[in-house]
Amino acid sequence: MSDAALNAALRRMGYDTKTEITGHGFRAMARTILHQELGFAPEVIEHQLAHRVPGSLGAAYNRTKFIKERRAMMKHWADYLDKLKAGAEVIAMVRKA
């Protein structure tokens, strides 16, 4: 799904994609949380979130690299989102001056 399609869907839901959130913003947020808070390896995250797999033409079609780790990561991510939806404690991030 293209970023434009995601942004159009967000706008239909009432979000301002210039000041609130964008489709790519969800990717960046997931990438940060999966690595910094949940401890997943960057290479596993990137294979899951990548638009394409870097490398030679043959490697670009290998969608199975890190498949066990990616499945576990996505299950953990789904559980994390379910906890947030159910009202898990959310810690506010305050920018230092």
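Numbers below:
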read-out	value
Normalised contact order of the chain, rounded percent, pairs of Cα under 8 Å and 6 or more residues apart	15 percent
Structure-based [θ]222 nm, the chain - -39500 (n - 2.57) summed over DSSP H runs of at least 4, per residue, nearest 500	-15500 deg cm²/dmol
Matching label, Cα Rg over 2.2 N^0.38 Å computed from the structure shown, candidates [x] 1.32; [y] 1.26; [z] 1.07	[y]
Rounded to 10°, Cα long-axis angle of helix 3-12 versus longest principal axis of the chain	30 degrees
Burial order of peptide ranges 30-37, 86-93 (average beta-carbon count within 10 Å, highest first)	30-37, 86-93
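Bear in mind these aren't lab numbers, they're just calculated from the coordinates by the rules spelled out. Note that the structure is predicted; figures quoted are calculated from it, not measured. Here the Cβ is made from the backbone with ideal geometry for all residues, glycine too, and neighbour counts use every protein chain on show.
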